[in-house]
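Data first, discussion second: the structure below is written as structure tokens.
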Amino acid sequence: MQSFSILLRFVRLSFSDPRLTLRLFSPKRFFNALALLFKHPSELHQVFKNYQSIYGVTNNKNPIDLLETCRATKAPVDIFIFPVIDWHYRYQRPQHIACGLGRLGYRVFYVATSPLMASNDGRFIVTEHPAQGVFLCKLRSTSGIFGNLHQMKMSNSDCDSLSTSLKVLMQSVDSVQPPVIILNHPYWTPLLKNIKTCSTIYDCMDHHAGFSEGANDWLEGEIELLEVADHVVTTSTWLHDHVATIRDSVLIRNGCEFFRFSQATDILQTAKPTVGYVGAISGWFDMALVISAARKFTEWEFVLVGSTTGCDTSTAELEPNIQFIGEVSYDRVSFYIQGFDVCIIPFRATSLTQATNPVKVYEYLAAGKPVVSSSLPEVLLLNTLIYSAHSTHDFLLKLELAMAESEDRNIAAKRQQWAKDQDWSKRVAVFAQLFSKNI
């Protein structure tokens with residue numbers, strides 16, 4: 001019923017700007033929409049919000065007031081974040097960095113990954129004010145091309161239109177010049193040629209080339225970004241060493257909102273021992289490992305929370321004790337984690353996962369939960385706090401050990417004590433030091 005309601009809203013949205021609808025339509029998008037409807041209906045709402053912003057529709061009832069609020073927010077410097085994910089897609093490092101900088105007194109503009117294309121004269125739109133000092137905005141593009149940034153290259157026309165829109169936005173909000181620019185992905189590199197900045201930071205969160213099959217060690221434009229950025233931040237030892245072949249970087253790992261995950265009161269209630277996972281369930285997720293565990297521990301429940309786009313779940317869906325929840329909002333993540341007896345990170349060994357520093361491990365430990373993970377370089381650094389498994393047999397053995405200590409409050413307290421020192425506020429403080437001396 002909810003899916004049908006969103007479909008009706010899609011229809012109304014398409015008729016609100018017929019010219020834009022014709023520009024956007026393609027057979028590929030149509031069939032992708034059908035696949036989403038039948039295979040991943042829980043993600044329809046997020047896709048709809050994305051298209052709303054493309055059409056220039058916001059939930060903000062008075063955009064003029066929002067712009068005035070933006071102008072009235074004074075800061076020593078403005079920070080523009082060009083992310084790899086949109087604000088409402090999945091709450092991860094970019095949003096935490098943005099909110100942390102906002103709390104430190106900076107004015108932060110978080111730019112949407114999909115452009116403004118509505119048939120009006122506006123060069124930009126400020127869509128939301130989700131946190132102290134943070135404003136979401138969308139810049140105009142002329143091409144109508146958007147999608148997975150890992151598979152895209154910015155055209156010259158898009159670079160010109162986005163740069164013009166950014167300059168108009170800066171003027172309209174009385175931007176403090178020059179700004180700090182934070183880029184999360186090489187896709188945005190061409191914009192740097194048109195913007196004078198106080199400081200440019202490349203926050204290298206992933207081995208981006210690992211998202212594409214057969215990709216090179218570097219994405220197109222990434223080496224250029226590494227060379228022109230004033231600072232490069234990496235999130236794992238693997239990335240730090242990888243970048244070191246070109247230049248130095250500052251290692252700032254991921255973190256957690258400690259108090260959110262350590263003091264949750266609304267908790268998932270389960271009747272059986274429960275093993276759980278929260279995060280993306282895609283090509284790097286080792287579904288065979290989870291199926292093996294579910295078949296061995298038939299009296300346990302296995303709850304998987306997150307989008308399953310890019311992962312074959314057909315076999316797992318036949319297992320009676322494996323449950324797929326779908327994507328949930330960040331506000332609900334602690335609800336599930338606190339309800340798990342054991343938390344897992346079942347990843348396949350790929351160039352992508354070898355480079356990753358999983359945010360979820362910090363959130364799991366902040367909740368005091370036993371953690372069993374595939375053998376990942378960043379996870380091995382925590383071998384006194386979690387269980388790392390090197391094979392299917394080892395994974396099953398470690399699951400049993402973890403479940404046996406799931407009610408041990410002394411061990412849980414040790415995990416939480418460590419996680420308390422990994423709070424995002426401490427990560428952001430280090431991040432801000434990179435550019436504060438230039439202000």
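Rule-based calculations on the coordinates, nothing more; no lab input. Worth saying up front: this structure is predicted, and the values here are computed from it rather than measured. Virtual Cβ from ideal backbone geometry, glycine too; neighbours counted across all protein chains shown.
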Review point. Can you run phi through the Karplus equation (6.51, -1.76, 1.60; θ = phi - 60°) for the stretch 103-108 and list ³J(HN,Hα) in whole Hz, with x for Gly and Pro?
Key: 5, 7, x, 8, 9, 10
Review point. For the cross-link pairs 167/196; 153/193; 360/426; 74/167; 153/437, which exceed 22 Å when the distance is taken from alpha carbon to alpha carbon?
Key: 153/437
Point to revise | Inter-label distance, nm, simple model (7 Å from Cα along the C-beta direction), residue 425/residue 298 | key: 5.0
Review point. What ranking do 204, 99, 198 get, fewest neighbouring Cβ atoms within 10 angstrom at the top?
Key: 198, 99, 204
Review point. What spacing in nm lies between the two simple spin-label points modelled at residue 350 and residue 394, each 7 Å away from Cα in the Cβ direction?
Key: 2.1
Revision key, fill the gap. With x for Gly and Pro, the residue-by-residue ³J(HN,Hα) of the stretch 289-300, computed from phi through the Karplus equation 6.51 cos²θ - 1.76 cosθ + 1.60 at θ = phi - 60° and given in whole Hz, is 5, 5, 4, 4, 5, 5, 6, 7, 9, 5, 8, 9
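If packing is taken as the average number of other Cβ atoms within 10 Å across a peptide's residues, how do 408-417, 426-435 rank, most packed first? Please list the in-between numbers first.
On the way: 408-417: 13.6, 426-435: 17.8.
My ranking of the peptides, most packed first, is 426-435, 408-417.
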Practice item. Quote to one decimal, in nm, the extra length available between residue 103 and residue 250 on full extension: 0.36 nm per residue of separation minus the C-alpha distance between them. Key: 50.7 nm
Revision key, fill the gap. If the label point sits 7 Å along Cα→Cβ of residue 411, residues of the stretch 280-303 with amide N under 19 Å come out as 297, 300-301
Exercise for review: Show the residues, 5+ positions off or on another chain, whose built amide H is closer than 5 Å to the amide H of residue 301.
Suggested key: 274, 275
Study note, to complete from the structure: If every Lys and Arg gets +1 and every Asp and Glu gets -1 at its Cβ, then about the Cα centre the stretch 291-428 yields a dipole, in debye to the nearest 20, of 440
Practice item. Please order 311, 137 by the number of other Cβ within 10 Å, starting at the fewest. Key: 311, 137
Point to revise | Fewest-first sequence of 403, 152 by Cβ atoms within 10 Å of each Cβ | key: 152, 403
Review point. So how far apart, in nm, are the two label points at residue 266 and residue 160 if each is 7 Å from Cα heading toward Cβ?
Key: 4.9
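Report the gain in length on full extension from residue 237 to residue 332: 0.36 nm times residue separation, minus Cα-Cα distance, nm rounded to one decimal. Walk me through the numbers before you get to the answer.
Values: separation 95, 0.36 × 95 = 34.20 nm, distance 3.04 nm.
Additional length available on full extension: 31.2 nm.
Given 0.36 nm per residue, what is the gain on full extension from residue 193 to residue 436 after removing their alpha carbon distance, in nm?
Length gained between residue 193 and residue 436: 85.2 nm.
Rounded if a/c is under 1.5, else prolate if a/b is larger than b/c, else oblate: which is the stretch 258-420, with a ≥ b ≥ c the root eigenvalues of its Cα gyration tensor?
Details: a/c = 1.30, a/b = 1.18, b/c = 1.10.
Rounded shape, in that the Cα axes give a/c under 1.5.
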Exercise for review: Report the net charge of residues surrounding residue 178, where surrounding means a beta-carbon distance below 11 angstrom and charges are Lys +1, Arg +1, Asp -1, Glu -1.
Suggested key: 0
Check your understanding: Taking θ as phi - 60°, what are the ³J(HN,Hα) couplings along the stretch 305-312 by the Karplus curve (6.51, -1.76, 1.60), each to the nearest whole Hz, with x for Gly and Pro?
Key -> 10, x, 5, 10, 4, x, 10, 7
Practice item. Would you mind checking which residues have amide H under 5 Å from residue 256's amide H? H placed 1.01 Å from N; only 5 or more apart, or other chain. Key: 423, 424
